[in-house]
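Comments concern the structure below.
The values are calculated or read from the model by the stated rules, or taken from the named source; none is laboratory data. Quantities reported herein were computed from a predicted structural model and do not represent experimental measurements. Quick reminder, even Gly has a Cβ in these numbers, built from the backbone with ideal geometry, and neighbours come from all protein chains shown. Ligands, DNA and RNA are stripped out before the accessible areas are found, and what is left, the full protein with its side chains, is counted by its heavy atoms. Shrake-Rupley method; radii C 1.70, N 1.55, O 1.52, S 1.80 Å.
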Amino acid sequence: MTATVSTTDTPLNASRASGAGFARKAKAYLALTKPRVIELLLVSTLPTMIYAERGFPSIGLILATLVGGAFAAGSAGAFNCYIDRDIDKLMHRTENRPLVTGEVTPREALVFSWLLGAAAIVILWFGANPLSAWLGLGAIFFYVVVYTMILKRRTAQNIVWGGAAGCFPVLIAWAAVTNSVEWPAIILFMVIFLWTPPHYWPLSMRYGEDYRNAKVPMLGAIAGAKVVSVQVVLYAWAMVACSLLMIPAGGAGWVYTVTAVLAGAWFLYESHALYGRAQREDISDKRAMKVFHGSISYLTLLFIALAVDPFIGRAVVGG
């Protein structure tokens with residue numbers, strides 16, 4: 001007589017299945033927060049804190065600001081996924097988001113968004129100060145209500161004004177250190193504000209068909225490459241000019257100054273190269289994405305220089 005023993009329902013296998021299910025669910029919740037966007041936002045937070053302090057703030061303040069800021073951005077991203085779940089399923093770029101695949105239900109996503117947002121405000125309020133918490137709340141409101149609910153589906157200028165939500169981390173960082181919002185923070189806010197269109201419009205050119213299918217009027221999707229490239233160049237020039245205001249008005253030293261000039265010149269070159277190709281009707285997705293990736297490199301270099309600047313030399317103007 002031969003006995004057949006099934007192992008499919010043993011406690012060990014059940015435990016493994018449960019663990020795998022938990023990991024998959026946790027990964028889905030993480031995806032709702034748009035972690036790549038959070039990474040980009042945090043690139044500007046710590047350098048701004050260091051510059052505002054003219055040195056390293058306390059570890060506790062750094063952790064509270066970074067975690068609170070990440071939670072605020074994650075909450076905004078999760079709300080965005082909840083509200084845009086109808087159009088996300090129409091776009092190849094977003095068709096694998098958790099609400100589209102069904103890994104997270106709409107109710108779960110909504111509850112998660114509220115909890116994450118509440119945690120962000122509490123962490124910033126008690127870990128930093130009330131001003132940074134109010135700014136965190138403002139960032140969530142701007143991205144969820146102003147951008148996602150009002151502008152995104154109605155105007156080709158959606159990312160211009162909606163992108164202001166991505167500028168709040170520098171205000172939060174400055175407020176966390178100084179309990180105020182001063183001119184250097186406002187200049188950095190405007191740098192990111194002007195950076196957003198030349199960063200995002202090349203991406204919308206690359207995924208233009210997606211946006212047209214979803215009836216989302218991103219400029220890169222509804223306007224020709226010639227029009228978009230002109231706008232990219234104009235915003236790039238304004239962004240670089242604004243970054244240089246940190247020299248007379250923000251007390252920037254030589255490290256920031258040299259980086260801002262060189263990195264700005266490089267990004268302007270790439271923007272003009274995109275414009276030149278667009279005018280010759282020789283544009284390609286690869287060239288557009290080069291500007292997109294280049295914009296990330298530019299912003300990263302600028303804020304690394306901002307963090308290093310207080311430790312090397314004096315201010316260029318009035319130093």
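Structure notes:
- Comparing 221, 263, 26 in a Gaussian network model of the chain, where Cα atoms under 10 Å apart are tied by springs, the biggest mean-square fluctuation is seen for 26.
- Per atom type, the chain shows carbon and sulfur on 66% of its accessible surface, probed at 1.4 Å.
- Evaluating kT/(6 pi eta Rh) at 4 °C and 1.567 mPa s, with the Kirkwood radius of region 222-266 over Cα pairs in the Stokes-Einstein relation, gives 111 µm² s⁻¹.
- Largest-first ordering by accessible area, 1.4 Å probe, given options 142, 56, 311, 79: 56, 311, 142, 79
- The smallest convex shape that holds all Cα atoms of region 204-307, its convex hull, gives 97 Å³ per residue.
- Computed FRET value (nearest 0.05) for residue 115 with residue 289, which takes r as the C-beta separation and R₀ as 41 Å: 0.70
- Considering only Cα atoms, the convex hull volume of the chain works out to 168 Å³ per residue.
- Ordering 122-132, 199-209 by mean Cβ neighbour count within 10 Å, with the highest value first, yields 199-209, 122-132.
- Site pair residue 280 and residue 39 shows an inter-label distance of 3.4 nm when each label is modelled 7 Å from Cα along Cα→Cβ.
- One decimal place: the segment residue 101-residue 241 gains 46.0 nm when fully extended, by the rule 0.36 nm per residue minus the C-alpha distance.
- Taking only the C-alpha atoms of region 87-183, Rg followed by Dmax gives 15.9, 46 Å.
- For the chain, the longest principal axis of the Cα atoms and the long axis of helix 106-127 meet at an angle of about 50 degrees.
- Cα-based shape type of region 27-125, given that a ≥ b ≥ c are square roots of the gyration tensor eigenvalues and the cut on a/c is 1.5: prolate
- Relative to the longest principal axis of the Cα atoms of the chain, the long axis of helix 254-279 lies at roughly 70 degrees.
- At a probe radius of 1.4 angstrom, the accessible area of the chain per residue rounds to 48 square angstrom.
- Candidates 196, 94, 148, ranked by Gaussian network fluctuation over the chain, Cα under 10 Å, top entry: 94
- R0 of 30 Å, Cβ-Cβ distance residue 183-residue 154: FRET efficiency to nearest 0.05: 0.35
- Of 86, 309, 210, the one that fluctuates the most in a GNM where the chain has Cα springs shorter than 10 Å: 86
- Reducing region 152-174 and region 31-69 to their Cα centroids gives an inter-centroid distance of 18 Å.
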